[in-house]
Amino acid sequence: MVPAVAHAAPAVVRHKVSSEDWIMRGVLGAIALYLLVAIVLPLYALLSKGFQDRDGNFTGLDNFTEFFTTPALSQSVANSLTISSISTVIVVSLAFVYAYALTRSCMAFKNLFKGIALIPILMPSLLPAISLIFMFGKQGFLTFLLFGNEIYGPIGIVMGEVIYVFPHVLMIIMIAMSMSDARLYEASQSLGAGPVRTFFTVTLPGIRYGLVSAGFVAFTLIITDFGVPKVVGGQYNVLATDVYKQVVGRQDFEMGAVVSMVLLVPAIIAFAADRILQRKQVAILTARAVPYAPTPSPRFDAIMTAFCALVGIVIVGILGVAMFASLVKFWPYNLSLTLAHYDFSLRDGGGWDSYINSVKMASWTAVIGTCVIFTGAYLVEKSKGFLAGRAAMQFLVMMPMAVPGLSLGLAYIFFFNHPDNPLNFLYHTLPILVICTITHFYTVSHLTAITALKQIDNEFESVSASLKVPFYKTFWRVTVPICVPAILDISMYLFVNAMTTVSAVVFLYSPDTALASVAVLNMDDAGEQASAAAMGVMIVLTAGAARLLHAVLTRGLARRTQAWRKR
Amino acid sequence: MKLIKQLTTVAASGLMVLGLGAGGAFAKTNLLVYTAIEADELSMFKKAFEADYPDINIKWVRDSTGIVTSKLMAEKANPKADIVWGLAATSLMMLGNEGYFQGYAPKGLDKLDKLYYDQVNNPPQWVGQRAWIASVCFNTVEAGKYKLPLPTSWADLTKPVYKGHVIMPNPNSSGTGFLDVSSWIQLMGEEKAWKYMDALHTNIARYTHSGSKPCKLAARGEIPIGISFAYRGAKSKNAGAPIEIIAPIEGIGWDLESFAIVKNTKNLKAARALADWSVTKKAMVIYNREYAVVAMPGIAKPVKNFPPGILSKMIKNDFAWAAKNRIRILNKWRDRYDAKSEPKKK
């Protein structure tokens, strides 16, 4: 229709570059420059380190040869691939059934189950792992369930990762499932297909891209996660912990750079494959589609409720055990209750200051990140002309997704602490943590913003342009209010992730900027599991409170800004 | 419009509340001190030092030996620290070889035992404060469950009865772990020591990243036996853990918590003040509260729950040899033991 023509116009008719366009380009250029400094240059610093020896001489592929010929190092590649594949299969299967129950059954308490399933998002990945030790360790109360196997090792890693990535996978599958056309089911039924046949011919094909996408996301998250294997990995080495070991234990930054490059490979492959598949995905929902509405079936609903209850109990149990363990005096010999483990001043990790720093850092990340990312997305989506710049931007914003946090953190040390770098003054400050975190979570936030912006007709821009209203007024008066829900979602996403992230910031914090999530790691490392659990609980409570606030705000603001959506 | 105004106000006031600046303490010199001393002792040291030097404000960067060393290494091109304080002498020597430090003889150095500070450079680049000594933590409750006898020697730990019941720190990530390995090699000689570690390896349940963790795990009953260090053991025992702390009869490894002033520090005066203070009797008495062996002779009193006779069991430690051979030993160790699931390579 009309917008399509408007879209094509710049290519055909030479668009006259107005002063307004220069402002747009200026801002877009500034954001591109930010991404250049925040991701491209640090990555270059990291990659070049992999081809150098300790004194900075170029050594070609020597470091890589050493990596692949040292069995203790190369073994980690196989280990990482193994546990990531197993965990991915398990978590996608579980999340699939859970999502199926939430979208295709008539069971009760759907909202409750949905809420419970999202709890792990509020945790640093270290926390489920710590809980697993209290449950399944030598002194665990569920250890007998392992039949003599050890929690420390692949079993523990798989269990921890499944819990950690469950909500991420669930959300993707649920979105795929909610886009189904009831008419297909009616057709299937009237053609005489039973429920099983319908499942395989209608349901599965309809969500196959969603499933594959969920699989890739899970795989990438797991192979790059460092919290779970760090805590329960035992002697089972994986790439993510190897980066840490090389850097922290052996001060071998060159080898650390090599391992983090090896870690980049599966992440990039998964990412590229996902992008290609996304393009193949065609709209299932046409204008004539009828949303699927499940019909009650007592037996099926009961089975689904039982399944969700089981998964729900595990998730709530993980959080409950962490809370309980943080309140117990001396596990397992003295189970009387105490708040002593919440006195962080005597422990590693920076005490309560680290908690306050985390809240500060997360708030800054949410505020600044949302402004930068949303503005950037707006300009990429709505500005005219300047195709090369916009294309470059689109490439830049995708990069952070493919870079594991550990690699990013390491890259930041090399880049920002270089004495010749004019940005050197940022090193060891809170702003560098904010920059790093915004960059780390840039891609998903950007995509959220783009999705919201795509729903707004480009006519708004055209109309205001013809009325001689500058674009920034349209942006402020039309675009931003319409996109309030998406903006809140982005700031929420940034805040929660900034609270829970460990991997990138573990190399960057300083005495004044110790963070709560890193404190969990350090306290666990020092064997202070109860205090580690206590700090983990504080993070969950804070992220949870932010989520509640988000829910209240969304509801309130949506009523005021989204009334136009209703007729 | 009203809504947006409100939002802006909320955001603006939020920004003000968050305020990035730290504020306060303008007149004082901020001394950035990198340390590996356990977190629960730091505030005590800070208070005692600042009472004597009120115009200096200590800022700690506290982490485990491995992390502090790697942080320092990472910042080699552009050091941030003013002084490194309470870090393993072996680590300081390694950093010293990179030209990290400047020599300084603190006032009163002559009162220290010559064993405990740098004898290669004059003035010394590093000065030891107190010794941190290997020990074995043994959980009596868990040992009872598995009917494990109390080990008294390193050799005991290789007996089949302890299979899967021993944890030690990975020397590649923990200073304590390296201290153990280096002491075994110095005690037994290279060949015998690796044979010993082969035998021990079959009994090890897993290697940890931190040196204090094995003892804390033993204290919590996660494992009956943890190879760790005496201070951690005593601390856990004082907290009520059912553990015995053992100093194996063959001799035990140790390292020195030491300090060294960073070469181009902007706060040289304050760094030297801390160095001077650190070799005073007052400081030594504080060191002794938790550690049994300090650098000034005649000060140390026995510390509660330290294994008896620990002083006589300390090996003759050749720091220079350890620092020089560190990477070689770590690589060899990694190739032999780092992946437990792998078949062992000889």
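The values are calculated or read from the model by the stated rules, or taken from the named source; none is laboratory data. Small disclaimer: the values here were computed from a predicted structure and weren't measured. Cβ atoms come from the backbone with ideal geometry, glycine included; neighbour counts cover every protein chain shown.
Annotations
- Extreme residue, surrounded by the fewest Cβ atoms within 10 Å (Cβ to Cβ), among residues of region A:143-164 that are of a type in the set (Gly, Ala, Ser) and within 14 Å of chain B (Cβ to nearest Cβ): A:Gly148
- All positions within region B:62-88 that are surrounded by fewer than 23 Cβ atoms within 10 Å (Cβ to Cβ) and of a type in the set (D, E, K, R): B:Arg62, B:Lys71, B:Glu75, B:Lys76, B:Lys80
- Residues of region B:170-219 that turn out to be within 10 Å of chain A (Cβ to nearest Cβ) and either in a strand (DSSP E or B) or hydrophobic (A, V, I, L, M, F, W, C) (or both), as a count: 10
- Within region A:451-486, restricting attention to residues that are under 26 Å from the mean Cα position of the chain (by Cα) and of a type in the set (Gly, Ala, Ser), the residue that is farthest from the other protein chains (Cβ to nearest Cβ) is A:Ala452.
- Single match in B:Ile223, B:Ile227, B:Ile243 (criterion: touching a residue at least 24 places away in the same chain (Cβ under 8 Å) and facing chain A (nearest Cβ under 7 Å)): B:Ile223
- Filtering region A:550-567 to residues that are within 12 Å of chain B (Cβ to nearest Cβ) and among the basic types (Lys, Arg) leaves A:Arg559, A:Arg560.
Yes/no per residue for (1) touching a residue at least 40 places away in the same chain (Cβ under 8 Å); (2) within 24 Å of A:Ser178 (Cβ to Cβ); (3) more than 12 Å from chain B (Cβ to nearest Cβ):
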residue: A:Gln251; (1), (2), (3): no, no, no
residue: A:Ser260; (1), (2), (3): yes, no, yes
residue: A:Val265; (1), (2), (3): no, no, yes
residue: A:Ile315; (1), (2), (3): yes, yes, yes
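- Within region A:232-249, if we keep just the residues that are within 10 Å of chain B (Cβ to nearest Cβ) and among the β-branched types (Val, Ile, Thr), the residue that is nearest to B:Glu222 (Cα to Cα) turns out to be A:Thr241.
- A:Met523 being touching a residue at least 40 places away in the same chain (Cβ under 8 Å), within 12 Å of chain B (Cβ to nearest Cβ), of a type in the set (A, V, I, L, M, F, W, C) and part of a helix (DSSP H, G or I): yes
- You will find that of A:Ile90, A:Ile86, the residue that is surrounded by fewer than 20 Cβ atoms within 10 Å (Cβ to Cβ), out of contact with any Phe, Trp or Tyr (no Cβ under 8 Å at 6 or more places or on another chain) and within 30 Å of A:Pro298 (Cα to Cα) is A:Ile90 and no other.
- Within region B:46-61, at least one residue is within 9 Å of another protein chain (Cβ to nearest Cβ), buried (at least 19 other Cβ atoms within 10 Å of the Cβ), in contact (Cβ under 8 Å) with a residue 24 or more places away in the chain and not aliphatic (A, V, I, L, M).
- Flag if B:Met93 is within 14 Å of A:Val248 (Cβ to Cβ), outside any strand (DSSP E or B) and not β-branched (Val, Ile, Thr): no
- Test for B:Leu256: is it touching a residue at least 24 places away in the same chain (Cβ under 8 Å) and away from every other protein chain (no Cβ under 14 Å): yes
- Residues in region A:526-549 that are closer than 18 Å to A:Tyr493 by Cβ and within 14 Å of chain B (Cβ to nearest Cβ): 2 in all.
- Qualifying residue in region B:112-127 (condition: in contact (Cβ under 8 Å) with a residue 40 or more places away in the chain, within 30 Å of A:Phe415 (Cβ to Cβ) and either away from chain A (no Cβ under 14 Å) or among the polar types (S, T, N, Q) (or both)): no
- Of all residues in region A:540-565, exactly one satisfies the criterion of being of a type in the set (Gly, Ala, Ser), loosely packed, with under 13 Cβ neighbours inside 10 Å and closer than 20 Å to A:Ser517 by Cβ, namely A:Ala545.
- Complete set of residues in region A:55-65 that are surrounded by 15 or more Cβ atoms within 10 Å (Cβ to Cβ) and facing chain B (nearest Cβ under 10 Å): none
- Exactly one residue out of A:Val434, A:Val478, A:Val463 is assigned to a helix (DSSP H, G or I), in contact with a helix residue (DSSP H, G or I) (Cβ under 7 Å, 6 or more places away or on another chain) and surrounded by fewer than 22 Cβ atoms within 10 Å (Cβ to Cβ): that is A:Val478.
- Region A:206-237, subset free of Cβ contacts under 8 Å to residues at least 60 places away in the same chain and more than 21 Å from the chain's Cα centre (by Cα), residue surrounded by the most Cβ atoms within 10 Å (Cβ to Cβ): A:Ile207
- Residue within region B:246-260 that is part of a helix (DSSP H, G or I), under 30 Å from B:Lys324 (Cβ atoms) and not aromatic (Phe, Trp, Tyr) present: no
- Top-ranked residue in region A:384-431 [being polar (S, T, N, Q), farther than 24 Å from A:Ala272 by Cα and surrounded by fewer than 20 Cβ atoms within 10 Å (Cβ to Cβ); ranked as modelled with the highest pLDDT]: A:Thr429
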